[in-house]
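Taking it in order: structure first as C-alpha cells, then the write-up.
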Amino acid sequence: MNPFLELGIREEVVNAISELGFEKPSEIQEKAIPVLLTGNDDFVGLAQTGTGKTAAFGLPLLEQLDFSQKHPQALILCPTRELCLQISKDLEKFAKYVDNVHVVAVYGGANISDQLRQIRRGVQIVVATPGRMLDIIGRNAIDFSNVKYVVLDEADEMLNMGFKEDINNILSETPDEKKTWLFSATMPAEVRRIAKNYMTDPVELTVGTKNTGNANIEHHYYLIKAKDKYAAFKRIVDSNPDIFGIVFCRTKIETQDIAEALIKDGYNADSLHGDLSQQQRDKVMKRYRDRSLQLLIATDVAARGIDVSDVTHVINFSLPDETENYTHRSGRTARAGKTGISLSLVNVKELSKIRHLEKIIGKPFEKKQVPQGAEVCEKQLFSIVKKIENVEVNDEQISPFLPAIMENLESLSKEDIIKRFASLEFNRFLDYYKNAPDLNIEARDGGREDRGDRRDGRSREGSKGYTRLFMNLGSVDEFSRGDMLGFICNNANISGKSIGKIDLKGVFTFFEVQDAEVEKVFQGFQGVDYNGRQVRIEVSGETRGEGRSDRGGRSRGGDRGGRREGGYRGGDRGGRREGGYGGGERSGRREGGFSGERRDRGERSSNGGGFRDFSGKRKESKSKY
Ligand code: AMP
C-alpha cells in the first residue's frame, strides 16, 4: 500500500503526488502529517527548507477543508513572493484530482486587482506574504472569520524581514479557535515568543538536529587573501565544470560587479538582487531554472525562497552578516534528498565567523585547498573528454561532410586527432593557468600578510602622499590612460599633477590622487553617469575590508558603506593573468560562452534608497540588498 495512503491521505491526492514523484513521505511528512490530520493541535515544526514542508502541511489541509464552501478556511503566511508562488503552485498540484479547490497567491509587486478578483470569486486557501495580506485586509476585501488553520511558513525568515507587527495584525483578524501551524528552520527567541503568544500547547517536532543544516550538505571553506578572492572563486568554478551554483554576496552592488566580471570572463552568470523589477527577476530566474545560467549571483533577500532543484554548490562569496542567513543560503542546495556543497571564501579575519557557524550548524567545516592551476586543467580536460564521449552525433547531418573531413584529417593518426580535438578547448585553460600561483594561505601567514605594512592608515598600494582609488570604469569602456586622466580631472576639477599612477584594467581602474584632492574626487563624481552607468569611486583598500573604519564611509552612494570585507578587486593583480578579470586578459573560459541577453544593467537603478520587498512593503531603511 502506498505509504501516503497509510498515513491517511486520500487517493486523489496520492495519485497526484505520485505523479510528482513522491514515493514515500519525507521525515517531516511522516512525523507531521498524522499530528496535523487530527486537526486538534497547534504545531511547531523545526525543519529546513527543502525537507518537504509544503506537503507536510499542504496534504493535511487538503484533507481537512470543506471544498464545497468557497470562503477562506486556511491562511498560509510566508516571507517571499517566490515562496508564496511556490506554495500555491504546489498545493494546486497536490489537489489536481480534487474538485473545487481554489488557492490564491497574494503577494506584493503584482497587480492587486487580479488577486482581489480571485478572492471575490471564492477561495478556500490563501497563501500570502504579510505586507500584501494586510493591504487586502485593510480594504475589507477578505473575510477570515471562518479560517480554521493558519500556517506560518519560514517563521524565522518572516521575523528576520521585519514582519512581526504585520503577522500580529493579520493573526488578530482570524478566529481565536483556529489552529496555528508554525514551520521554521531555526528557533530564535522571537519565534519562540510567537509560538508562546499564539499557540496553546503546540506539538513540537524537529527534523534533524535543532538548528542543524541539512545533513546532505557538505560545508567547505577556503582560506585565501582577500585580494585573491575572485581568482580563487574562478578556480573553484573552473575545477567544477558541471557546477550549477548560487553565489551569495552581501550587497546588490557586489552581486552586480561579480556578475559583470564573470560575464566578461565568459561565464554564464547573472545577478539577482532587490533593485531589479519583478519582471527582470523573473527573467533571471527563468534563465537559471532553464540552466541557461550556470551561476546565479544573489543577495540574501533576493534569493530567499528559491527552490531550484539540483543546485550543486552554494558559494558564499561573502559570508552573511547575519549568521542565521548561512543556513538559509546553504539550504538552496541538497534539496529533496540530494547532496550539495556550501563553500565559503574567507580571509584570516573571517576565520572566527567560520568557527561561529560551525557552532550554529553543529558540524565542522572542512578546510579545502584552492585547486592549483594544473588541477583545474586536469578537471577541464577530463570534462572535455567526457563531453566528446557523450556528444550526440547527428549522423544524417554530418555524413555529407564526412568524406571531406576524413580527407582533411587523413594524414593524422587516431591519437593525433584525439589530442587535437581535446586541445581545442583545453589550450585556453592551459594557457590561462600556466604559471598560476598558489592562492592558499595558512592562518598564521595570512595573519601576517593581512596586517601588511600600512604605515599611515592609507591604502597600502598608494604611493606616499597619495591615496589609491578605485573606479568602476576601465578599458572596456574605451578609456585610454590619457582619457581617464582627463575624465578624472574634468569631473573632480583638479589638475593632472594631482594624479599619480593610473592602473587601467578591464572593467575598473585604480588611480592615485594626492591626499589633499581626494575629497574633490569624491565630490566631483557624485551623481556622474557614464553611458548609463553610475560612476563609482572607492578607496581601494576598503574594497578588501582591510582599511581603517574611519574611511568606511568614503565610497559614493552611502548605502554601500565602505567596508565590504573580502572585496574581490584586489589592487595588485596587475600583471597577473588570473587576477584582472576582463580587460584583455581572457580567462580560460570559452569566448562567447555567455549565452545570456543581459545588456540592461544601465537601466537598473543602483541608487539604494530603499527596496520593495516582495510583499510590496516599502522598507524604510536604505537597503544594500
Ligand atoms: P519543500 O521543502 O516543501 O520546499 O520541498 C522541497 C522539494 O522536495 C520540492 O521540490 C518537493 O516537490 C520535493 N518533495 C517534497 N516531498 C517529497 C517526497 N515525499 N518525495 C519526493 N520529493 C518530495
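Details
- A single entry from VAL521, VAL507, VAL539 fulfils the requirement of being β-branched (Val, Ile, Thr) and modelled with pLDDT of 85 or more: VAL521.
Residue-wise test of (1) surrounded by 18 or more Cβ atoms within 10 Å (Cβ to Cβ); (2) part of a helix (DSSP H, G or I); (3) at pLDDT below 95; (4) in contact with a Cys (Cβ under 7 Å, 6 or more places away or on another chain).
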{"site": "PHE4", "(1), (2), (3), (4)": "yes, yes, no, no"}
{"site": "GLU12", "(1), (2), (3), (4)": "no, yes, no, no"}
{"site": "ILE17", "(1), (2), (3), (4)": "yes, yes, no, no"}
{"site": "GLU23", "(1), (2), (3), (4)": "no, no, yes, no"}
{"site": "ILE33", "(1), (2), (3), (4)": "yes, yes, no, no"}
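- Listing of helices (runs of 4 or more DSSP H) fully contained in region 149-204 that carry 2 or more residues being farther than 18 Å from MET133 by Cα and of a type in the set (Phe, Trp, Tyr): none
- Matching residues, region 480-532, being open to solvent by less than 50 Å² (accessible area, probe 1.4 Å) and either at positive phi or of a type in the set (D, E, K, R) (or both): ASP503, LYS505, GLU512, GLU517, GLY532
- Pairs where the first residue, in region 22-34, is near the ligand (Cβ under 9 Å from one of its atoms) and the second is at pLDDT 95 or above and among the hydrophobic types (A, V, I, L, M, F, W, C), C-beta under 6 Å, 6+ apart: ILE28/ALA56; GLN29/ALA55; GLN29/ALA56
- Qualifying residues in region 335-354 (those that are surrounded by fewer than 19 Cβ atoms within 10 Å (Cβ to Cβ) and farther than 13 Å from LEU223 by Cα) - the one nearest to the ligand (Cβ to nearest atom): ALA336
- Of all residues in region 57-83 being in contact (Cβ under 8 Å) with a residue 60 or more places away in the chain, part of a helix (DSSP H, G or I) and open to solvent by less than 10 Å² (accessible area, probe 1.4 Å), the one that is farthest from the ligand (Cβ to nearest atom): LEU61
- Screening GLU204, GLU154, GLU218, GLU177 for residues that are closer than 19 Å to PRO60 by Cα, open to solvent by 30 Å² or more (accessible area, probe 1.4 Å), in contact with a Gly (Cβ under 9 Å, 6 or more places away or on another chain) and not aliphatic (A, V, I, L, M) leaves exactly one candidate, GLU204.
- Candidate set from region 257-292 (those that are among the small types (Gly, Ala, Ser), modelled with pLDDT of 90 or more and more than 15 Å from the chain's Cα centre (by Cα)); member that is surrounded by the most Cβ atoms within 10 Å (Cβ to Cβ): ALA261
- Yes/no for LYS53 being touching a residue at least 12 places away in the same chain (Cβ under 8 Å), within 10 Å of the ligand (Cβ to nearest atom) and of a type in the set (Lys, Arg): yes
- Inclusion of VAL101 among residues that are of a type in the set (Val, Ile, Thr), touching a strand residue (DSSP E or B) at 6+ places or on another chain (Cβ under 8 Å) and farther than 22 Å from HIS328 by Cα is warranted.
- Exclusive hit being buried (at least 17 other Cβ atoms within 10 Å of the Cβ) and among the hydroxyl-bearing types (Ser, Thr, Tyr), set SER113, SER184, SER145: SER184
- Count - residues of region 478-500 that are charged (D, E, K, R) and under 36 Å from the mean Cα position of the chain (by Cα): 2
Every residue, every condition in (1) under 29 Å from LEU473 (Cβ atoms); (2) part of a loop (DSSP other than H, G, I, E, B), yes or no:
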site	(1), (2)
VAL247	yes, no
ALA259	yes, no
SER271	yes, no
GLN280	yes, no
VAL308	no, yes
LEU319	yes, yes
ASN325	no, no
SER344	no, no
LEU351	no, no
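- Tally of residues being modelled with pLDDT under 90 and acidic (Asp, Glu) across region 351-368: 1
- Comparison of PRO371, PRO403 shows that the only residue that is assigned to a helix (DSSP H, G or I), modelled with pLDDT of 85 or more and of a type outside the set (Phe, Trp, Tyr) is PRO403.
The values are calculated or read from the model by the stated rules, or taken from the named source; none is laboratory data. These numbers come from a predicted model, not from an experiment. Counting neighbours? That spans all protein chains shown, and the Cβs are built from the backbone with ideal geometry, glycine included. Remember, those area values only see protein heavy atoms, side chains included, never the ligands or the DNA or RNA. Shrake-Rupley method; radii C 1.70, N 1.55, O 1.52, S 1.80 Å.
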